[in-house]
Amino acid sequence: MKILYYDCFSGVSGDMNLGALVDIGVPKELLLSEIKKLNIDGISIEFSKKDKLGIYGTKVDVIYEEGHVHRNINDIREILDKSELSETIKKRAMKMFILIGEAEGKVHNKSLEEIHFHEVGAIDSIVDVVGAAICLEYLDIDEIWCSTVQLGGGFVKCAHGTIPVPAPAVCEILKDVPVKSGLVQFETSTPTGAAIIKGNVDKFTDTPDFKIVKTGYGVGTRDMDIPNVLRVYIGEASKGENKEKFIMNRELMIECNIDDMKAERFEFIMEKIFEIGAKDVFMENIIMKKSRPGVKLGVLCDENISEDVIKFIFKNTTSLGIRKYFVDKVMMKRKFQEIMTPWGAVTVKGALIGDEVIKFKGEYDDIKKIVQEHGISFNEVEEYIIKNI
Ligand SMILES: O=C([S-])c1cc(C(=O)S)c[n+]([C@@H]2O[C@H](COP(=O)(O)O)[C@@H](O)[C@H]2O)c1
Ligand code: NI
């Protein structure tokens, strides 16, 4: 199994990530030609070999001529949609932009659409995010792992003025990610770097268990007391070492029984609990005391959002009591692959036990788009996928 391991002992930023992935083998020419597909004029990318405290790596500088352009998430989606980049690159990139946008929204008390990306919507950030998606697709990795992320310390000047490190958006994006801070009094991890990690990493570990095949270093800008570099490894985890057949997660089940609420409210309740961040929301018909027909509302979520979910249920349903308990969730590993059909690209999700693909399925939204645009049936697209995967 091919692993890409991010060793973020000195943090992670968008440009360090590009440098590291080029250093470990992504051809510069490929990155340049793919970025061209964004059809944004005046971008050039410079690559150089630089060192920090004697460690040589690749430094990437994005050069562009652009005034102060504000873009929101829809402008970015449009740039991606109009480009000829592959659907998997577009999806991967959008996931990272949404993480940045939602974090900014939370910090500045605005909706995702209201967020006008300033620094994070400027050309260099677009290149950093889309470039990350391009490089990760090229490397064709089975799993991405990451160390504890060093955040740095002190204060940093940006469009808002002087803000504390870690920047507020970084704290939001890196929820549930193991972090350390204060090793140096500089900003070592930026919002873009944080979104690259959060949006792509499958597992966090400081004790990776694999054979190192190759290392790469992405060089940052500032000089610090520690090498300002992002180290990446490509590792080969042999079958014996890769004992984990399944993904195991500890999650919270939140439940309540409702027998006295207007049925039309359930749609809103389900939608909103998903928006809060629940992994799953479901309802069951039940018969309650006094033989009253009722509904059992079930929510599966991470512990860190459980208070928000419980508050929401108490405020918006007639429920006066909730049960909560931890459950062990056993999940199949997933692997995504893009397949080109005569009607357009479809992302296919493979489900694995260990390294073996047990079953696969085309993503419903991609197939639905094809069905709507081409007037053919779900069966036709699904059969094509089965025959051509
Ligand atoms: O421009 C905005 S809105 C902005 C917000 C924040 C918050 O944390 S909120 C932070 N920053 C800083 O901008 C630079 C650039 O970050 P990139 O991720 O684009 O490299 C960095 O110093 C951030 O802390 C900007
Ligand atoms: Ni901000």
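Values as computed for the structure displayed
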read-out: Per-region count, region 183-204, residues surrounded by fewer than 21 Cβ atoms within 10 Å (Cβ to Cβ) and within 13 Å of ligand 2 (Cβ to nearest atom); value: 0
read-out: Subset of region 1-19 that is closer than 19 Å to Asp206 by Cα and not in a loop (DSSP other than H, G, I, E, B) - its residue that is nearest to ligand 1 (Cβ to nearest atom); value: Asn17
read-out: Whichever residue in region 158-168 is more than 7 Å from ligand 1 (Cβ to nearest atom) and modelled with pLDDT of 95 or more and, among such residues, is surrounded by the fewest Cβ atoms within 10 Å (Cβ to Cβ); value: Thr162
read-out: Close pairs from region 92-114: first within 17 Å of Ser125 (Cα to Cα), partner within 10 Å of ligand 1 (Cβ to nearest atom) and open to solvent by 30 Å² or more (accessible area, probe 1.4 Å), Cβ under 6 Å, at least 6 apart; value: Ala103/Glu172
read-out: Residue match in region 66-75 (condition: of a type outside the set (Phe, Trp, Tyr), touching a Leu at 6+ places or on another chain (Cβ under 6 Å) and over 24 Å from Leu139 (Cβ atoms)); value: yes
read-out: Filtered residues of region 205-242 (kept if touching a strand residue (DSSP E or B) at 6+ places or on another chain (Cβ under 9 Å), open to solvent by 40 Å² or more (accessible area, probe 1.4 Å) and more than 30 Å from Ile98 (Cβ to Cβ)); value: Asp209, Lys211, Ile212, Val213, Lys214, Thr215, Asp223, Glu236, Ser238, Glu241
read-out: Ile123 hydrophobic (A, V, I, L, M, F, W, C), in the same structural domain as Asp202 (by TED's automatic domain parsing) and open to solvent by 50 Å² or more (accessible area, probe 1.4 Å); value: no
read-out: Asp176 vs. criteria at pLDDT below 95, among the acidic types (Asp, Glu) and assigned by TED's automatic domain parsing to the domain that holds Phe9; value: yes
read-out: Unique match (being within 15 Å of ligand 1 (Cβ to nearest atom), open to solvent by 10 Å² or more (accessible area, probe 1.4 Å) and either closer than 28 Å to Glu338 by Cα or in contact with a Pro (Cβ under 8 Å, 6 or more places away or on another chain) (or both)) among Ile98, Ile79, Ile73; value: Ile98
read-out: Residue satisfying all of: in region 358-383; in contact with a Lys or Arg (Cβ under 7 Å, 6 or more places away or on another chain) and open to solvent by 60 Å² or more (accessible area, probe 1.4 Å); farthest from Ile3 (Cα to Cα) among these; value: Lys361
read-out: Verdict on Val26 being assigned to a loop (DSSP other than H, G, I, E, B), of a type in the set (A, V, I, L, M) and within 22 Å of Asp140 (Cβ to Cβ); value: yes
read-out: Conditions (1) of a type outside the set (Asp, Glu); (2) within 25 Å of Ile55 (Cα to Cα); (3) under 19 Å from the mean Cα position of the chain (by Cα): number failed by Lys203; value: (2)
read-out: Answer from Ser83, Ser44 - the residue that is more than 30 Å from Thr207 (Cβ to Cβ), without any contact (Cβ under 8 Å) to a residue 40 or more places away in the chain and in the same structural domain as Val184 (by TED's automatic domain parsing); value: Ser44
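The values are calculated or read from the model by the stated rules, or taken from the named source; none is laboratory data. Predicted, not measured: the structure shown is a model, and the values here were computed from it. Note that each Cβ is placed from the backbone with ideal geometry, even for glycine, and that neighbours are counted across all protein chains shown. Areas reflect the complete protein model, heavy atoms only, side chains present, ligands, DNA and RNA absent. Shrake-Rupley method; radii C 1.70, N 1.55, O 1.52, S 1.80 Å.
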